[in-house]
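Each reported figure results from applying straightforward, stated rules to the coordinates on display, with no laboratory input. Small disclaimer: the values here were computed from a predicted structure and weren't measured. Here the Cβ is made from the backbone with ideal geometry for all residues, glycine too, and neighbour counts use every protein chain on show.
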Amino acid sequence: MSDKIRALITVNGLVQGVFFRYRAKREAQRLDLAGWVRNNEDSTVSALIEGEKVKVTEFIKWCHQGPAQAKVDDVQVDWQIYTGEFIDFLIM
């Protein structure tokens, strides 16, 4: 049984223009996670990440705070089945 998971995360608040994607990439790389992060037209930031469940959970906890300049109002998580389709973490 694998302890790997996939999560689609949507972060709401003051999260664009505050280096959120850059810091998310650094955090994902620190945790050895794969996937991507992107800005959305509705001023939210989304991330699709895969990796060990404990590390994905740690990344989600980081998203609740984000970088120092961010003001996170809400974090939504859609848990999904791990696919292993990513080998790196990209800013889209």
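Assorted remarks:
- Reported label for calculated log10 I(q)/I(0) by the Debye sum over Cα atoms at q = 0.19, 0.22, 0.25 Å⁻¹ given [x] -0.90, -1.03, -1.19; [y] -0.77, -1.03, -1.32; [z] -0.83, -1.13, -1.45: [y]
- Gyration tensor (alpha-carbon) shape descriptor, the stretch 44-92, a/c threshold 1.5: prolate
- Residues of the stretch 33-75 with amide N under 17 Å of the 7 Å Cα→Cβ point at Tyr82: 33-36, 48-60
- Gyration tensor verdict on the stretch 1-45 (Cα atoms; rounded if a/c is under 1.5, prolate if a/b is larger than b/c, oblate otherwise): oblate
- Computed [θ] at 222 nm, helices only, for the chain once each DSSP H run of length n ≥ 4 contributes -39500 (n - 2.57): -7000 deg cm²/dmol
- The chain, relative contact order in percent, only Cα pairs under 8 angstrom and at least six apart counted: 46 percent
- For the chain, the dipole from Cβ point charges (+1 on Lys and Arg, -1 on Asp and Glu) about the Cα centre works out to 300 debye, to the nearest 20.
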